[in-house]
Number of protein chains: 2
Amino acid sequence: MDTNAAEDFFKNSSNFLLNVAVDNVIFGYHEKELKVLLQQPFALDKWTVTGGYIQKTESIAEAAARVAHMRTGLTGLFLEQFQSFGNPQRVKDNGFTAKHIAEVTGYDIPENSWIFDYFVSIAFYTLTEFSKVKITKSEFEAECQWWPVSELPLMMFDHELIIKEALKALRLHIAHYPIGYELLEEKFTLPEIHNLYETILAKPLDDRNFTKKLLATGIITKLNEKRQISGHRPPYLYKFNKEKYDEGLKSGVELVF
Amino acid sequence: MDTNAAEDFFKNSSNFLLNVAVDNVIFGYHEKELKVLLQQPFALDKWTVTGGYIQKTESIAEAAARVAHMRTGLTGLFLEQFQSFGNPQRVKDNGFTAKHIAEVTGYDIPENSWIFDYFVSIAFYTLTEFSKVKITKSEFEAECQWWPVSELPLMMFDHELIIKEALKALRLHIAHYPIGYELLEEKFTLPEIHNLYETILAKPLDDRNFTKKLLATGIITKLNEKRQISGHRPPYLYKFNKEKYDEGLKSGVELVF
């Protein structure tokens, strides 16, 4: 850890709200893989989702967008607030003490620092195409990288629960709202969008039933064009009907599989 | 306002989290009426939902249950966390200043008191039979009473928005989970449960369609027994099938009208 950065942080800490912070569960999709962006704070041996403190001049949504932008370089992410977590135990962890941090980093944080206080976490999730993300770790993290949601490393605090609840919220969301516009190429095949849904829901979906329900929403349109794949019968290409898609984002669609 | 109570409160304020609190939107149903429990803090001319600060020893859910119990006398309320609200403006209100409070109450609160700081509100809603509620106002409120959700008084801060979002969450909830067990008599008629749904959704529901969808869930059972109403054809009585009802609370039911 950069000692100057740490000193600056604590010098400016009166800019932050106490006892409440934001956490972002950033899911990344890319070709049949669902990952989550995690960081390793203070070179400890556990991981957290990416998050940060709330400045006194910003809303909780602005704080979530700012810290998401810092880690991913992306702006305009759809950050959905899904749940807040708060109990006196939630930021207790045997690695997260002034003593342990000093041993690992050489930086002395006061033992009674406000960072060890009871913090309520306002949690958001987002879903992005992970090849678009330029990961930038902060001075306080040893690592910041993608992990498969099915193979999480050892998590700090209650962050495994936060990811579990975010996944639940994401799965509920895709049963009622269209997804895929930022996740697939402009033109895609039915197997490609089928893979997207199967990956997020982590279960196989019957081909015919999936296609029937998806087409019934009107959010995708069949093109008079095929993908050329050597050695295969070329599949038809589809694209999103942007008008129906945007309408679905507002009023909802029924896509319960 | 009781000056001793106020002094006690500020003396013990280091027991509370800063910058984050809970707000409960307590809905009350009784015979075709949907109301919300509001309080008038510091004898000001505006109203808020009932809420309170979070003690350092309790979880956010425990804080919500404690303050709900203080106002209603009820325990075991289903308090659903639905959204958190936070931006630098949200607790600004021209009535909520040390000067104005001193004028109205005769009690001097420091101008820079932590109660005027940026507070994030973790909001919960609940729905109860309002004749069961024994309203108890705190020393800091001039009034605490039921208001019809369709005729709210002048609200403080962003509390009108909080109620609007709570109603949205409640309406979404009843499309996916059974309600009524604590709101209707043990034996009820179809018009009675129909009224419950119409009142919460604030729209007329087609009789046949409502009955068909409700019966399809299996959560209510027709009894071989009728309600005696003078001058009317006696309607059949129904009761909840508790097993199906509890199953529905866990796995959900589809009741989209």
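FYI, it's all coordinate maths here, none of it is from the lab. Keep in mind it's a predicted model, so treat the numbers as computed, not measured. A quick note on method: Cβ atoms are made from the backbone with ideal geometry, for glycine too, and the neighbour counts reach across all protein chains shown.
Below, the figures for the structure above:
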item: Residue ID - surrounded by the fewest Cβ atoms within 10 Å (Cβ to Cβ), chosen from residues in segment A:21-68 that are in a strand (DSSP E or B), charged (D, E, K, R) and away from chain B (no Cβ under 14 Å); result: A:E33
item: Looking only at segment B:69-83, and only at residues there that are more than 14 Å from chain A (Cβ to nearest Cβ) and in a loop (DSSP other than H, G, I, E, B), the one that is surrounded by the most Cβ atoms within 10 Å (Cβ to Cβ); result: B:L77
item: Tally of residues being within 14 Å of chain B (Cβ to nearest Cβ), of a type outside the set (A, V, I, L, M) and in contact with an Asp or Glu (Cβ under 8 Å, 6 or more places away or on another chain) across segment A:1-20; result: 1
item: Residue, nearest to the other protein chains (Cβ to nearest Cβ), within segment B:84-129, restricted to residues that are over 24 Å from the mean Cα position of the chain (by Cα) and of a type in the set (F, W, Y); result: B:W114
item: Residue in segment A:151-170 that is surrounded by the most Cβ atoms within 10 Å (Cβ to Cβ), counting only those that are in contact (Cβ under 8 Å) with a residue 24 or more places away in the chain and farther than 15 Å from A:F82 by Cα; result: A:M156
item: A:S14 being free of Cβ contacts under 8 Å to residues at least 60 places away in the same chain and touching a Pro at 6+ places or on another chain (Cβ under 9 Å); result: no
item: All positions within segment B:130-152 that are closer than 14 Å to B:A6 by Cβ and either in a loop (DSSP other than H, G, I, E, B) or within 15 Å of the chain's Cα centre (by Cα) (or both); result: B:S138, B:E139, B:F140
